[in-house]
Structures are given as structure tokens and as C-alpha cells.
Amino acid sequence: MSAPCALFILGHAGTGKSVLTTRFIQRQLQQQRTWCVLDKDTVGEYWTGPFLEAFGQDPNDRDSPFFKEKIRDLQYKSTLLIGKEQLELGLNVVFPGPWSRELASGALFSAQALGLPANTSLRHVWLDLPHPVRQARIIQRADPRDHWKLQNWEAYIQSLKKPPAVEQGKIPVLDASASPDALLNALETLLQNPPVNLTPRDTVMQKT
């Protein structure tokens with residue numbers, strides 16, 4: 001039995017992580033391959049709002065310092081715990097999300113550090129998109145959870161940087177402005193090949 005795969009579809013808000021994940025799963029099902037999707041937003045949806053309200057905070061907040069200090073890690077750790085069970089059963093799992101702290105610490109490259117089964121095959125891809133395009137997409141999706149981002153846009157984007165692992169070429173980069181089919185084909189091509197140590201010039205479909 002081959003090792004189960006944990007695929008992390010990474011990128012900042014508005015880059016299309018959820019859309020790419022959905023299209024990827026749909027095509028995998030057509031090919032009779034089964035994956036489990038674990039989005040940290042969905043995992044924490046029902047308890048995050050009440051948690052925030054209990055502390056007198058905006059229930060739609062997903063970006064403030066209070067959220068990042070008190071709730072952010074609970075969402076991610078809950079997602080990994082559920083993922084661990086699926087991977088132990090031999091199911092492949094997709095984890096769409098920024099995973100910024102785990103990237104910064106290097107934990108995202110270690111199954112042990114993530115609390116996942118030791119035989120898990122970890123794969124990563126980063127979706128990249130210019131800030132103005134991301135802002136337009138975020139406005140268009142009209143999600144109340146994006147209110148803080150839009151109200152504090154300049155401060156928000158100033159805090160955003162490509163993780164060192166992306167800049168150093170450890171994670172392949174996909175140009176999120178590419179057509180949906182091109183993006184999906186590029187992701188599937190990446191998964192068909194073993195992970196390699198890439199340089200920044202080797203990133204996939206990234207515009208220069």
C-alpha cells in the first residue's frame with residue numbers, strides 16, 4: 001500500500017485555494033481516486049463565531065490580533081487532528097489554507113511536527129496573485145469574514161510576504177491568474193512527479 005498523501009494548497013486570501021481544491025477533487029473522483037478535503041475554515045466554522053462573541057469580539061473576525069492569538073492555532077490543530085485520522089486510514093487529504101506559521105517554522109515539511117502519520121507523503125504548492133486582483137476577488141465573494149481585511153487593507157497587505165520556503169524554491173509556485181484548466185493540469189503534473197529541491201527559477205507557471 002502506497003503512502004497516503006497530504007497535499008497543502010497554499011496562498012494568501014483570494015488566490016483561489018478553495019476553487020482549485022474543488023476542481024482537483026472533482027477530477028480525481030472522475031478518475032476513481034478518493035481524497036478527503038479539510039479546510040480549516042470549515043473545521044472551525046461552528047465554534048469560532050461563538051468563541052469570539054463570548055469575548056466580546058466580532059464573530060466574523062478572522063484576521064485581528066485577538067483572533068490570531070486566541071483562535072488561529074485551535075483551528076489549524078483541529079484540522080490536523082482530523083487529517084491524522086484520515087491519513088491513518090490510508091486516505092489522501094487536501095489541506096487548503098495559508099498555513100503561514102507552519103511554513104515559517106518549517107513544521108509543514110515534517111509529518112512528525114504536524115502530528116501526522118510518519119509515512120505521510122507531504123506535497124505543497126503555492127498560489128500567487130497580485131494584491132489588486134486578490135482584493136477584487138475578495139470584494140466579489142462578499143464573505144463577512146473578510147471584513148477586517150478590506151477595512152484594513154493597506155495594513156493587511158503590508159504584513160503579507162511570500163514565505164522563505166517559497167522564495168527559496170522549496171515549494172512550487174502556480175500563477176493563480178492562469179485559466180482554471182491550466183492551473184489544474186499544472187497541479188496534477190506536480191503530483192505525478194516526486195518532490196524535488198527546486199530553485200526559484202524552477203517554479204511552475206509563475207510569471208516573471
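The values are calculated or read from the model by the stated rules, or taken from the named source; none is laboratory data. No experiment lies behind these values; they were computed from the predicted model shown. Every residue, glycine as well, gets a Cβ built from its backbone with ideal geometry; the counts of neighbours run over all protein chains shown. Areas reflect the complete protein model, heavy atoms only, side chains present, ligands, DNA and RNA absent. Shrake-Rupley method; radii C 1.70, N 1.55, O 1.52, S 1.80 Å.
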Sole miss for Arg62 among (1) crowded, with 16+ Cβ neighbours inside 10 Å; (2) at pLDDT 95 or above is condition (2)
Elements of type helices (runs of 4 or more DSSP H) contained in segment 120-187, each with 2 or more residues being buried (at least 16 other Cβ atoms within 10 Å of the Cβ) and in contact (Cβ under 8 Å) with a residue 40 or more places away in the chain: 131-141, 147-151, 164-167
Of all residues in segment 89-110, which are surrounded by fewer than 19 Cβ atoms within 10 Å (Cβ to Cβ) and part of a helix (DSSP H, G or I)? Ser100, Arg101, Ala104, Ser105, Ala107, Phe109
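Report whether or not Thr22 is among the hydroxyl-bearing types (Ser, Thr, Tyr) and either in contact with a His (Cβ under 6 Å, 6 or more places away or on another chain) or buried (at least 20 other Cβ atoms within 10 Å of the Cβ) (or both).
Here the answer is no, as Thr22 does not meet what is asked.
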Suppose we filter Gln30, Gln75 for residues that are without any contact (Cβ under 8 Å) to a residue 40 or more places away in the chain, closer than 27 Å to Pro4 by Cβ and more than 16 Å from the chain's Cα centre (by Cα); which single one remains? Gln30
Yes or no: Gln86 assigned to a helix (DSSP H, G or I), farther than 23 Å from Pro163 by Cα, open to solvent by 10 Å² or more (accessible area, probe 1.4 Å) and not aliphatic (A, V, I, L, M)? yes
